[in-house]
Amino acid sequence: GENVEQHPSTLSVQEGDSAVIKCTYSDSASNYFPWYKQELGKGPQLIIDIRSNVGEKKDQRIAVTLNKTAKHFSLHITETQPEDSAVYFCAASGNTGGFKTIFGAGTRLFVKA
Amino acid sequence: NAGVTQTPKFQVLKTGQSMTLQCAQDMNHNSMYWYRQDPGMGLRLIYYSASEGTTDKGEVPNGYNVSRLNKREFSLRLESAAPSQTSVYFCASSEAGSNQPQHFGDGTRLSIL
């Protein structure tokens, strides 16, 4: 079945450094790739998304890249701040398979001040 | 601006008891979803409702039932709770279509003894 693998499971960086989280997906029909941030005790919140007709998208300190050929997509956070500490989830969905969005297992990011 | 509201926030049940988790959204979204979140496994789709009057199974539907009461409300019922259903349950909503960002509630933490 469809699968999304996410790495690393835990990431610790110094404040001001960059953080990169990588995901791979198995369903070649996937065409929408959102990223969610989940803070403790809260639900996931969308931070950025990318569609398959675009290779890169940037929003201030956050950027996402997509390589459809390799079925890879990545989240890049620059100039990390302590408030970036959270769990990040990648996901993939497509027009096939109904309304199923497949989530990665999550990356716990620690930003040390 | 409430977004997606879930009740209750916490619940402890005994094996065999029944329970209904409530979810309501105020964004006039057509589609609604129920997920469960377990450590190291990301979010897994239990059931979804593409539009008012329709419901479909997701990845892990066994042991659950749902009701799309109206456009705003989507409830999840455990008829006979089992310890394996101990989890955090999230409701989400989105515009129509699978390739839309989902808006999540803050979850219901359910423990079954």
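Values quoted throughout were computed directly from the atomic coordinates according to the rules given, and no laboratory measurement underlies them. Bear in mind that the values here come from a model prediction, so they are computed numbers and not experimental data. Note that we place each Cβ from the backbone using ideal geometry, even for glycine, and neighbour counts take in every protein chain shown.
Results for (1) surrounded by 20 or more Cβ atoms within 10 Å (Cβ to Cβ); (2) not hydrophobic (A, V, I, L, M, F, W, C), shown as yes or no for each residue.
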{"site": "A:V13", "(1), (2)": "no, no"}
{"site": "A:S18", "(1), (2)": "no, yes"}
{"site": "A:N31", "(1), (2)": "no, yes"}
{"site": "A:P82", "(1), (2)": "no, yes"}
{"site": "A:A92", "(1), (2)": "yes, no"}
{"site": "A:I102", "(1), (2)": "yes, no"}
Selection count, segment B:91-113, where residues are among the charged types (D, E, K, R) and either touching a Leu at 6+ places or on another chain (Cβ under 7 Å) or buried (at least 23 other Cβ atoms within 10 Å of the Cβ) (or both): 0
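Quick grid of which residues meet (1) touching a residue at least 12 places away in the same chain (Cβ under 8 Å); (2) part of a strand (DSSP E or B); (3) hydroxyl-bearing (S, T, Y):
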{"site": "B:T20", "(1), (2), (3)": "yes, yes, yes"}
{"site": "B:M27", "(1), (2), (3)": "yes, no, no"}
{"site": "B:W34", "(1), (2), (3)": "yes, yes, no"}
{"site": "B:G40", "(1), (2), (3)": "no, no, no"}
{"site": "B:E59", "(1), (2), (3)": "yes, no, no"}
{"site": "B:A92", "(1), (2), (3)": "yes, yes, no"}
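So that you can scan it fast, the table gives a plain yes or no per residue for (1) within 13 Å of the chain's Cα centre (by Cα); (2) under 19 Å from B:W34 (Cα atoms):
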{"site": "A:T24", "(1), (2)": "yes, no"}
{"site": "A:P44", "(1), (2)": "yes, yes"}
{"site": "A:E79", "(1), (2)": "no, no"}
{"site": "A:A86", "(1), (2)": "yes, no"}
{"site": "A:C90", "(1), (2)": "yes, yes"}
{"site": "A:I102", "(1), (2)": "yes, yes"}
Tally, over segment B:71-113, of residues that are more than 12 Å from chain A (Cβ to nearest Cβ) and either on the phi > 0 side of the Ramachandran plot or under 14 Å from the mean Cα position of the chain (by Cα) (or both): 11
Subset tally (residues that are more than 9 Å from chain B (Cβ to nearest Cβ), assigned to a loop (DSSP other than H, G, I, E, B) and touching a strand residue (DSSP E or B) at 6+ places or on another chain (Cβ under 9 Å)) for segment A:41-62: 5
Qualifying residue in segment B:11-21 (condition: under 29 Å from A:T107 (Cβ atoms), within 14 Å of chain A (Cβ to nearest Cβ) and either touching a Ser or Thr at 6+ places or on another chain (Cβ under 6 Å) or surrounded by 15 or more Cβ atoms within 10 Å (Cβ to Cβ) (or both)): yes
A:Y36 being touching a residue at least 24 places away in the same chain (Cβ under 8 Å) and either touching a Ser or Thr at 6+ places or on another chain (Cβ under 6 Å) or more than 14 Å from chain B (Cβ to nearest Cβ) (or both): no
Residue match in segment A:65-73 (condition: within 8 Å of chain B (Cβ to nearest Cβ) and either out of contact with any helix residue (DSSP H, G or I) (no Cβ under 9 Å at 6 or more places or on another chain) or not aromatic (F, W, Y) (or both)): no
